[in-house]
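The numbers here are math on the coordinates, done by the rules we state, and not lab data. Quick caveat: nothing in here was measured; it's all calculated off a predicted structure. Glycine also receives a Cβ, built like all others from the backbone with ideal geometry; neighbour counts cover every protein chain displayed.
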């Protein structure tokens, strides 16, 4: 069985060394790059199964590197986890809207990052086993075999995490889920994340869905549910 390849794009040699040491027991093939340009070159040469991406990089910064990765059809399915010292909501939303699958805010625990990488790799290895392959809600369609979401026939650019979240909602419509239940369904149990992080990811998903984003309703004090508006 081939080892999963994890690409670390980080300009701080100390953090690179720390992560390389922390990941050494996971059996992953590790690739290190100090700039966005070097990271893209490594993707060209070796590919990767997951990318850890710093935002504040010399030259091409992390957001531009993320955009480059997610606009290439051969790479857009690779999970990208942003590692950033900028933990404000606008920065996080900007990253999620560009296609990031997850994020961690510095300083972070390597164990937390390992858990998130494992979850991202599991999503690649374990496709949804639901017998139903295509879900429809109004003008919104989720096609599991194609891993594609469209609204009014226009394909939407969702990250792997956003796709998994939407699939969970649309396949369990009208059921109210707490934030913990949503994270457990998308990432697996005991996944380390805050309630606020879930809110930010739901907000990013709603924005990408456009008019269809209204189907994801906030239930104050509880969580979220997916409902299709009745037409007269």
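At 222 nm, what helix-only mean residue ellipticity would the chain give, in deg cm²/dmol to the nearest 500, using -39500 (n - 2.57) for each DSSP H run of four or more? Only helices count here, giving -12000 deg cm²/dmol.
When 121, 21 are sorted by how many other C-beta atoms sit within 10 angstrom of their C-beta, beginning with the fewest, the order is 21, 121.
Given R0 = 41 Å, the distance between the Cβ atoms of residue 56 and residue 132 translates into a calculated FRET efficiency of 0.45.
The value of relative contact order for the range 134-226, using C-alpha pairs under 8 Å at least six residues apart, is 28 percent.
Got a sec? How would 64, 220, 118, 111 order by Cβ neighbour count within 10 Å, fewest to most?
Starting with the residue having the fewest Cβ neighbours, the order is 220, 111, 64, 118.
Over the chain, the pair-distance histogram of Cα-Cα distances with 10 Å bins from zero comes to 7, 33, 36, 18, 5, 0, 0 percent, rounded to whole numbers.
Cα gyration tensor of the range 5-125, axes a ≥ b ≥ c as square roots of the eigenvalues: rounded (a/c below 1.5), prolate (a/b > b/c) or oblate?
Numbers: a/c = 1.20, a/b = 1.08, b/c = 1.11.
Cα axes put the range 5-125 in the rounded bin.
Taking each residue as 0.36 nm, the span from residue 191 to residue 218 lengthens on full extension beyond its C-alpha to C-alpha distance by 7.5 nm.
Can you tell me, using C-alpha contacts under 8 Å and at least 6 residues apart, the relative contact order of the chain as a whole percent? Don't jump to the answer; show the numbers that get you there.
On the way: 348 pairs, mean separation 33.0, N = 232.
Worked out over the chain, it gives 14 percent.
Volume per residue, Å³, of the convex hull around the alpha-carbon atoms of the range 134-226? Please list the in-between numbers first.
On the way: hull volume 8.3 nm³, N = 93.
Expressed per residue, the convex hull around the Cα atoms of the range 134-226 is 90 Å³.
Ordering 159, 171 from the fewest to the most neighbouring beta carbons within 10 Å gives 171, 159.
Relative to the longest principal axis of the C-alpha atoms of the chain, give the angle of the C-alpha long axis of helix 160-170, reported between 0 and 90° and rounded to the nearest 10°. The helix 160-170 is inclined about 20 degrees to the chain. Taking every Cα-Cα distance in the range 38-109 and sorting them into 10 Å bins starting at zero, the pair-distance distribution P(r) comes out as 21, 57, 21, 1 percent. Counting only alpha carbon atoms, the long axis of helix 13-23 and the longest principal axis of the chain meet at about 70°. The length gained on full extension between residue 109 and residue 154, counted as 0.36 nm times the residue separation minus their Cα-Cα distance, comes to 12.2 nm.
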